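In what follows, a structure is listed as structure tokens, so that the remarks can point back to it.
The values are calculated or read from the model by the stated rules, or taken from the named source; none is laboratory data. In this text, all values refer to a predicted model and were calculated from it rather than measured experimentally. All Cβ positions, glycine included, derive from the backbone under ideal geometry; neighbour counts span all protein chains shown. With ligands, DNA and RNA removed, areas are computed over all heavy atoms of the protein, side chains included. Shrake-Rupley method; radii C 1.70, N 1.55, O 1.52, S 1.80 Å.
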Amino acid sequence: MTDTTVTETTVTDTGTGYGRKPSSHDARLTEVGPGTPMGEALRRYWQPIASSTALTSDVPHRARLLGEDLIVFRDGQGRPGVVFERCSHRGSSLFFGRVEEDGIRCCYHGWKFDVQGHCLDQACEVDGGRRRNLARQPWYPVEEAYGLVFVYMGPPELKPPLPRFDSLEPLGEGESYHTSWMVPGAEVIGLEGDYNWLQLFENAVDPVHAAWLHSNHSGYQFAGTGTVGFPESYYNNRTAAERSSYHRTDHGVGYVWRYQDNKGPDGELVDLEWTAQCMLPNIVALPDFVKSTPDGRNDMLLWVVPADDTHHRLVFSIRAAGPERATSFMFGIKQNGKNGWELTDEEKQRFPGDYEAQRSQGDITQHSEETLAPSDKGVVMLRRMLRTMLDDVEAGRTPLGVGAPGEQVRRVEAGLFIRREEEGDPVPTPSAPGVAAGA
């Protein structure tokens with residue numbers, strides 16, 4: 001009788017989570033406090049801090065920006081001001097201060113400061129404070145444009161002109177600027193999000209997520225789908241990547257998403273190109289996604305303003321003849337037919353939207369854990385440009401997008417355009433974009 005021995009071979013599992021190195025985020029791109037690379041770069045640009053129309057002389061408002069606790073207010077003469085929240089006397093918060101004709105007065109001892117931080121009066125001192133001129137509340141320069149109050153927090157000697165954009169000027173007949181969120185608590189300083197600013201900014205140059213998140217996964221979420229907006233074929237996820245292209249613009253990164261719809265002069269099927277743009281350092285040119293009107297002038301800019309490393313605020317300006325456009329922007333994306341704050345936890349899980357997807361990446365997404373794909377081309381291009389911006393600031397150069405004296409109004413490459421290949425223009429935008437090297 002022959003004895004046979006069977007040898008079993010055990011195959012070791014691969015790809016498990018055991019022994020992985022600790023994950024990390026890209027601090028240079030995401031952290032925004034004073035002295036950080038991105039924080040110093042963002043301070044070279046004007047940042048919107050409040051809606052001009054909503055900022056009245058009634059009360060001051062807290063506005064955390066780039067890791068600094070600030071107060072924005074409008075004095076009785078109509079002048080906007082931005083000062084540090086902590087009073088330079090004994091440290092009480094000027095949020096509890098009183099706005100007066102010529103400044104803001106601290107609640108604790110009655111010291112009053114004007115919009116440039118000069119101490120005008122020390123209520124409890126002899127003669128209003130004989131040495132009050134020695135006290136100065138830290139402050140930042142402000143300007144108003146497009147219905148917004150902008151603040152400059154960078155080196156005073158490098159303060160640039162506030163840039164201008166053709167999306168927002170000139171105003172047409174009957175038009176005005178709409179800049180205030182119709183959301184309680186967000187009317188003055190914008191809508192706050194509780195995660196890192198870059199996660200939302202990158203979303204604006206990631207069009208293909210609409211072909212899954214906003215449609216196939218959660219149901220059609222954009223109002224107007226199939227009627228005045230995008231056709232359902234727009235969201236075909238199997239062709240989304242091949243219908244998308246990315247390019248460098250004068251001030252950032254743009255994309256083109258091609259599709260077909262009955263939008264010709266006589267209702268015939270035509271080729272269309274939806275284009276959007278991210279402009280450095282944190283501006284999104286977003287066309288109307290509810291009502292698709294070919295070859296129309298873009299009418300909106302959106303700023304993703306970092307409050308600190310793990311919070312941001314959305315601030316916008318829309319040029320329109322009435323509030324309908326702003327309303328459709330604010331409430332034009334539904335989840336299970338509801339606004340985001342109306343959803344139950346179960347509905348959020350079954351019908352996630354932008355917030356759920358981006359917030360679930362974490363307070364700051366762990367870049368070391370990413371596996372990028374070809375459809376992430378726009379994100380890669382944007383990160384490269386942001387890194388170049390950081391390098392320029394650290395080398396003492398003026399980064400892309402900072403305003404220059406005498407600069408012309410900037411052309412914004414965004415909108416919906418009928419594709420006219422016979423004219424030799426593959427991207428019929430207001431200005432023909434170039435091709436990003438190495439992208």
Handout entry: Backbone N within the range 215-243 under 19 Å of label point (7 Å from residue 293 Cα along the Cβ vector)
Key = 223-231
Exercise for the section: Classify the range 22-130 as rounded, prolate or oblate, taking a ≥ b ≥ c as the square roots of the eigenvalues of its Cα gyration tensor: rounded when a/c is under 1.5, otherwise prolate if a/b is larger than b/c and oblate if not. Expected result: prolate
Practice task
Name the long-range amide H neighbours of residue 103: under 5 Å, sequence gap of 5 or more, or other chain; modelled H, no Pro or chain starts.
Solution key: 76
Practice task
Heavy atoms only, probe 1.4 Å: what % of the accessible area of the range 148-231 goes to carbon and sulfur, would you let me know?
Solution key: 58 percent
Fill in the blank from the handout: Scoring only Lys, Arg, Asp and Glu (+1, +1, -1, -1) among other residues with Cβ under 15 Å from the Cβ of residue 192 yields -3
Problem - Cβ-defined net charge surrounding residue 311, 10 Å radius [Lys, Arg +1; Asp, Glu -1] - result: -3
Exercise for the section: Please give the calculated 222 nm ellipticity per residue for the chain, where each DSSP H segment of at least 4 residues contributes -39500 (n - 2.57) and the sum is spread over every residue; nearest 500 deg cm²/dmol? Expected result: -3500 deg cm²/dmol
Handout entry: For q = 0.10, 0.19, 0.24 Å⁻¹, Debye-computed log10 I/I(0) when each Cα of the range 207-305 counts as one equal scatterer
Key = -0.28, -1.03, -1.44
Problem - Accessible area expressed per residue, the chain, with surrounding protein chains retained (probe 1.4 Å, Å²) - result: 48 Å²
Exercise for the section: Check each of the chymotrypsin sites (Phe, Trp or Tyr not before Pro) in the range 6-91 and keep only those in coil by DSSP with at most 12 other C-beta atoms within 10 angstrom; list them in order. Expected result: 18
Exercise for the section: Please name which of 95, 128, 153 has its Cα lying farthest along the dipole of the chain towards the positive end, using unit charges on Cβ (Lys, Arg +1; Asp, Glu -1) and the Cα centre as origin. Expected result: 128
Problem - GNM result for the chain, Cα springs below 10 Å: residue of 132, 297, 164 fluctuating most strongly - result: 132
Practice task
Compute the Cα gyration tensor for the range 370-425, then decide on rounded, prolate or oblate, letting a ≥ b ≥ c be the square roots of its eigenvalues: rounded whenever a/c is under 1.5, prolate when a/b is larger than b/c in the other cases, and oblate in all that remain.
Solution key: oblate
Exercise for the section: Please say if the range 1-76 is rounded, prolate or oblate, where rounded means a/c under 1.5 for a ≥ b ≥ c the square roots of the C-alpha gyration tensor eigenvalues, and otherwise the choice is prolate for a/b larger than b/c and oblate otherwise? Expected result: prolate
Fill in the blank from the handout: For the chain, the dipole about the Cα centre with charges only on Cβ (Lys and Arg +1, Asp and Glu -1), to the nearest 20 debye, works out at 1120 debye
Handout entry: HN-Hα J in Hz across the range 387-404 - Karplus 6.51, -1.76, 1.60, θ = phi - 60°, x for Gly and Pro
Key = 5, 5, 4, 5, 4, 5, 4, 5, 8, x, 8, 7, x, 4, x, 6, x, 10
Problem - Projected label distance in nm at residue 250 and residue 368, using a 7 Å step from Cα toward the beta-carbon - result: 4.2 nm
Fill in the blank from the handout: Candidate cut points under GluC sites (Glu not before Pro) in the range 99-186, DSSP loop plus at most 14 other Cβ atoms within 10 Å of their own Cβ, are 101, 125, 173
Handout entry: Length gained when the stretch residue 182-residue 194 is fully extended (0.36 nm per residue, less Cα-Cα span)
Key = 2.4 nm
Practice task
Obtain the nm distance between the two label points defined at residue 228 and residue 270 by a simple spin-label model: each point lies 7 Å from its Cα along the Cα-to-C-beta direction.
Solution key: 1.9 nm
Exercise for the section: Enumerate the amide H contacts of residue 92 below 5 Å, restricted to partners 5 or more residues apart or on another chain; note that Pro and chain-start residues carry no placed amide H. Expected result: 87
Completion exercise
Amide H contacts under 5 Å for residue 145, restricted to residues at least 5 apart in sequence or on another chain and with H modeled in the peptide plane, are 150
Fill in the blank from the handout: Checking 38, 182, 279 against a Gaussian network model of the chain (alpha-carbon springs below 10 Å), the top fluctuating residue turns out to be 182
Exercise for the section: Give me the net charge of residue 414's neighbourhood, meaning all other residues with Cβ under 12 Å from the Cβ of residue 414; Lys, Arg count +1, Asp, Glu -1. Expected result: -2
Exercise for the section: Considering Cα pairs under 8 angstrom that are at least six residues apart, work out the relative contact order of the chain and quote it in whole percent. Expected result: 19 percent
Exercise for the section: Report the calculated FRET efficiency for residue 130 and residue 86 (r = Cβ-Cβ distance, R0 = 22 Å), to the nearest 0.05. Expected result: 0.35
Handout entry: Alpha-carbon centroid distance for the pair the range 198-254 / the range 323-341, whole angstrom
Key = 17 Å
Problem - Whole-Hz couplings from phi, Karplus 6.51/-1.76/1.60, listed for the range 192-208; x for Gly and Pro - result: 8, x, 9, 7, 4, 4, 5, 4, 7, 4, 5, 4, 6, 10, 10, x, 5
Problem - HN-Hα J in Hz across the range 168-178 - Karplus 6.51, -1.76, 1.60, θ = phi - 60°, x for Gly and Pro - result: 10, 8, x, 5, x, 4, x, 8, 8, 9, 10
Handout entry: the range 80-121: trypsin sites (Lys or Arg not before Pro) falling in loop per DSSP and having at most 10 other Cβ within 10 Å
Key = 90
